Amino acid sequence: MHISEKSSTFAQILTIYNHIVKNIVVRFCGDSGDGMQLTGNMFAQLAAELGHEISTLPDFPAEIRAPQGTLGGVSGFQVQLGSGVYTPGDKADVIVAMNAAALKVCTLGSHFNHPQAHYDDDFALYHRHAIVIVDTDALTDKDLEKALYHTDNPFTELDIPESVQIVPVPLTSLTKEALKDSGMDNKSVLKCRNMFALGLIYWLFDEPMEKAIHLLEEKFKKKPALIAPNTKVIVDGYNYGQNLALNITQIRLEESDAANKQPARYTSIAGNKATAWGLIAAAQKAGKHLFLGSYPITPATDILHELAARKDMNVMAVQAEDEIAGVCTAIGAAFAGDLACTTTSGPGLSLKSEAIGLAVMAELPLVIVDVQRGGPSTGLPTKTEQTDLMQALYGRNGECPAVVLAASSSANCFDFAYEACKIALENMTPVILLTDTYLANGTGLWRVPALEELPAIHPQSVPEELKGHFNPALRDERGVRYWAFPGMEGFEHRNIGLERDAEKGTISTNPENHEHMVLARKHKIEQIANSIPDLKVIESSVKSQESRDVLLVGWGSTEGHLHAAANALGCDFTQFNYICPLPRNTREVLSQYKRIIVCELNTGQFAAYLRSQFPDIQFEQYNEIQGQPFAVERIVEYASK
Amino acid sequence: MQASDFKSDQYVRFCPGCGDHAICMALQKAMAQIGIPTHQVAVISGIGCSSRMPHYLNTYGFNTIHGRGGAIATGVKTSHPEITVWQMSGDGDCLAIGGNHFIHEIRRNVDLNVCMFNNRIYGLTKGQYSPTSPKGFVSKSSPFGTVERPFVPAQLVLGAGGTFFARTLDVDMPTTVDCLVAAQQHKGCSIVECLVNCVIFNNGTHAWIADREQRAEHSIILKHGEKMIFGKDRDKGLAVEIDPVTFVPKIIVVPADDPRVLTHDATQPDPTLHRLLGLMGQDRIVNVNAETDNELPVALGVIRSVEADTYDQAVNRQITEVRKKAKIKSFDELTATLDTFLL
């Protein structure tokens, strides 16, 4: 094949970038066997360690292993780094394409399956001035055929704009060259291609190699035989860049604004891991045994993995026979006095509905984590969506109120998992925590807290004087019932999913009693608003005449995108983490704006909820439902209308 | 301890004449005999007539949702193995809506004592056929007779790898108490099939053996280490015959003094004979119209009781072992293992 005349050498390109940038978006893209997630994660972690803000978006195919080299098997990992980073970025500034299929997917975006598609600003995953590094060894006729090209020139066929800088690098042969004396077999050698690309990117960003090599040693700690060859390849990749570009300035990110950050320990963390650790921290703080009942489901399973591995922290993780048993074993553990949790995604939440109703009725503490994915039914298991809000709020029989929280960044999955446990244990109620695929798999910078900084948790207990005449209907002054469990002498009682008598705690079908109990359970949830923080508004410092009265409203994982959009628009914005109950000052905040735009990745579930709570306030809505996070520019475009 | 220590203050609301009354009393007697204090006992149930049982026992109790008692009991026992956990369930709750939890609690061998009340009918919903109703059974939901093959609970339990199976009859109080006590003493998932009469919707369903006149001829009470002898005059015994061509073993009735009469070994790990014993007399429930000349008695008592590691113990042991060697024991030690950096 021929390299297009549009392609050029490193030296030519990089002179374009001889300025310092505030932030930059890099996308690693290759076959699902090419190690793109590892490469992207290592790059993001190094960036974080060097003090940059990061936000990442892993974007892997639904197939575990699609045929090698095909369009269906392309796996991507996008990271934005720098300062003022709120999202993984709409479009990439730098693309690493490991094969012909990856080049096509990056260029055509969601249109990659259209036979006649070519570069289009709306769909391409990189912008018109991006650098595209491509492995020229992976553009053979056979590679092109597998990726469904019709001609032998992918660049012309895809109609990549002139302004895009294509950097052809024979990654495969350079990697083979680097490892020719290693004695490794061909297959193992080829697995190191990603490290060559990573070395090149490190050079491009002028990152120090010592830290990079240290990081690599950490990553391969369990496979020490791989450290030497991978180090060799990464260094060769770095040197390749160095040798080709003697006199040019590489991309250098603005010094991070470290003064604004509290001096503290940081790490990069994925949302699912942060969730798991939030549960662990809460259990220790509360002095409770952590019990997880769960059934594997994408994209929540990593929480089960993390907790199953933490027996050293006294975590009991039961992989149940189904979703229902997942929540029911947890309810059993809660009945027996534990901090009990279950983790799932939308379809699993549907299956758990009846049992969550039992926990509402029996007034037991229970944390349900729903890592939302595209629905309905099996839907888009590996993609992100905010479509379980109504299910979390209302998806149960009867008048069945539960607390609903939503995390808004990968790192604050920790805080809201912790908060979910605190609310559940202190208020004897199920708490549903909504995260989603984007938060679960993406990573962000997390300031590592010490346990003592975290708010105290006081699990509900029972006054000693009730010994001998306890019943499960007795409540404290807040309206929260007392908690006694097997093993406690003198507090034997029968709990039920049937309606109970408000005084005696026994089965009751009395009409007035039922209404009283429905309202008591509702009141119990409402009073939780007394102990949650006020809704905060992020105010814009550069308001224009038009943007002054505009408020962008979001909930959950869209926080970064809305923050970036609000910055671009010069308007205020607010993000909800507490959905039910809502913060006490919600009306006060909303009533200050003339134009409120509720942005969500569904058809308007939160907007509908807000309308139901504040019928006198007007809500406009902006929705996308494509299984992907928002594109900031589209929000800005809509709101500017 | 006295049976009355285990009686709650609740009025027992089973229908007059219902077999559940007898099992309720047997449970109170058995619990007193076992002697575990009331606060160390949790009784978990699903939904159905029999699932009302926790209300009548002065222990910790949880009357949950239909079919899920097994999963909830598994959660209680696994998180707190020091608590004695009973599960009360019926043929619908356990074998239909809760079938998955039932086979998995058996497969895992969770140390639970499960009373499965089998009246071969849905009583609380007023008379529909159940997974144990015989084929051809006419009910409100099967006006032309069922076309389904029923479960034989013994076969299901052994198929799932059950370590304990006993069968008892509402009208036989001593055998019921013995089975319940044996279930508690057995470490593992102990299933006690309680054959109970539903006076309202399925009266006489177990008359073949419940009828005082016929019981001695139609049933045998198995006792570990004792010869398998039955009959009004204790003149009949059970032996095994192996078909010389197919090698299929079957149980036959022989005179009580025949040297081939078997001695019951409930602790035999191989379930072959336990299965054959469990299936005796069950062809009558498989098909309501069965014209059978099968003279085999229905087996009552503890059919199988073998030792095996329990899930709750194994899970807790694994945690203890990991913790013994672990360097990390607190959240702060856990975060110290992170690759962090100072900013």
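Here are some notes:
Matching residues to (1) more than 28 Å from B:LYS77 (Cβ to Cβ); (2) at pLDDT 85 or above; (3) out of contact with any strand residue (DSSP E or B) (no Cβ under 7 Å at 6 or more places or on another chain); (4) facing chain A (nearest Cβ under 8 Å):
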residue: B:GLN282; (1), (2), (3), (4): yes, yes, yes, no
residue: B:LEU296; (1), (2), (3), (4): yes, yes, no, no
residue: B:ILE303; (1), (2), (3), (4): no, yes, no, no
residue: B:ARG323; (1), (2), (3), (4): no, yes, yes, yes
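- The residues in region B:121-132 that are out of contact with any strand residue (DSSP E or B) (no Cβ under 6 Å at 6 or more places or on another chain) and either of a type outside the set (S, T, N, Q) or at pLDDT 95 or above (or both) can be counted, and the count is 3.
- Test: A:LEU445 is closer than 30 Å to A:GLN37 by Cα, touching a residue at least 60 places away in the same chain (Cβ under 8 Å) and more than 14 Å from chain B (Cβ to nearest Cβ): no
Every residue, every condition in (1) in a helix (DSSP H, G or I); (2) surrounded by 16 or more Cβ atoms within 10 Å (Cβ to Cβ), yes or no:
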| site | (1), (2) |
| --- | --- |
| A:ASN567 | yes, yes |
| A:PHE573 | no, yes |
| A:VAL589 | yes, yes |
| A:GLN592 | no, no |
| A:ILE596 | no, yes |
| A:TYR609 | yes, yes |
| A:SER612 | yes, no |
| A:TYR622 | no, yes |
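- Residues of region A:192-208 classified as modelled with pLDDT of 90 or more and outside any helix (DSSP H, G or I), total: 1
- Test: residue in region A:228-251 that is at pLDDT below 85, out of contact with any His (no Cβ under 6 Å at 6 or more places or on another chain), of a type in the set (S, T, N, Q) and assigned to a helix (DSSP H, G or I): yes
- Taking the numbered list (1) surrounded by 15 or more Cβ atoms within 10 Å (Cβ to Cβ); (2) among the acidic types (Asp, Glu); (3) in contact with an Asp or Glu (Cβ under 6 Å, 6 or more places away or on another chain) in turn, A:GLU492 passes all entries but (3).
- Candidates are the residues of region A:503-528 that are touching a strand residue (DSSP E or B) at 6+ places or on another chain (Cβ under 8 Å) and among the aliphatic types (A, V, I, L, M); the one that is surrounded by the most Cβ atoms within 10 Å (Cβ to Cβ) is A:ILE525.
- Any hit, region A:265-275, residues being closer than 27 Å to A:ALA484 by Cα and within 9 Å of chain B (Cβ to nearest Cβ): no
- Considering region A:460-509, and only residues there that are among the charged types (D, E, K, R), outside any loop (DSSP other than H, G, I, E, B) and closer than 15 Å to A:VAL360 by Cα, the residue that is farthest from the chain's Cα centre (by Cα) turns out to be A:ARG500.
- Identity of the residue in region A:541-563, part of a loop (DSSP other than H, G, I, E, B) and not hydroxyl-bearing (Ser, Thr, Tyr), that ends up surrounded by the fewest Cβ atoms within 10 Å (Cβ to Cβ): A:GLN545
- Flag if A:GLY69 is in contact with a Leu (Cβ under 9 Å, 6 or more places away or on another chain) and assigned to a loop (DSSP other than H, G, I, E, B): no
- All of (1) in contact with a strand residue (DSSP E or B) (Cβ under 6 Å, 6 or more places away or on another chain); (2) within 22 Å of B:THR340 (Cβ to Cβ); (3) not aromatic (Phe, Trp, Tyr) hold for A:MET42 with one exception: (1).
- Among (1) within 14 Å of chain B (Cβ to nearest Cβ); (2) out of contact with any Ser or Thr (no Cβ under 7 Å at 6 or more places or on another chain), the one test that A:GLY332 misses: (2)
The values are calculated or read from the model by the stated rules, or taken from the named source; none is laboratory data. Since the structure is predicted, the reported quantities are computational estimates derived from the model, not experimental observations. Note that each Cβ is placed from the backbone with ideal geometry, even for glycine, and that neighbours are counted across all protein chains shown.
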